[in-house]
């Protein structure tokens with residue numbers, strides 16, 4: 001797969017921490033940046049998908065009233081307190 005150069009500015013402290021991680025793992029900056037970016041993109045894509053699914057549910061009328069949502073959370077708290 002072809003690579004594209006991507007550059008951005010960040011704080012010096014972030015670069016220092018990245019360099020420490022790279023040294024500790026014997027990997028280069030690029031390895032960690034690509035890995036972090038891919039994880040971030042996967043997480044954001046999941047979030048956007050969940051929102052889209054929620055909108056479809058809402059438009060279909062699959063909604064819960066606030067009182068039942070609160071009751072379920074209270075029940076969870078009570079069950080976890082034991």
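What follows is calculated from the coordinates using simple rules that are stated; it is not laboratory data. No experiment lies behind these values; they were computed from the predicted model shown. With ideal geometry, Cβ positions are generated from the backbone for all residues, glycine too; neighbour counts draw on all protein chains shown.
A few points about this structure:
- Packing-based exposure ordering (other Cβ within 10 Å, fewest first) of 66, 18: 66, 18
- Its DSSP H runs of at least 4 residues, each contributing -39,500 (n - 2.57), put the calculated 222 nm mean residue ellipticity of the chain at -25000 deg cm²/dmol, to the nearest 500.
- Degrees between helix 66-80 axis and first principal axis of the chain (Cα, 0 to 90, nearest 10): 70
- Between residue 20 and residue 41, residue separation times 0.36 nm minus the direct Cα-Cα distance comes to 5.2 nm.
- Working from label points 7 Å from Cα in the Cα-to-Cβ sense, the residue 32 to residue 78 distance is 4.8 nm.
- Rounded to 10°, Cα long-axis angle of helix 29-59 versus longest principal axis of the chain: 20
- Relative to the longest principal axis of the Cα atoms of the chain, helix 12-25 runs at roughly 80 degrees.
- Note on the chain: percent of Cα-Cα distances in each 10 Å bin, starting at 0 and stopping at the bin with the largest distance, equals 13, 23, 22, 16, 23, 3.
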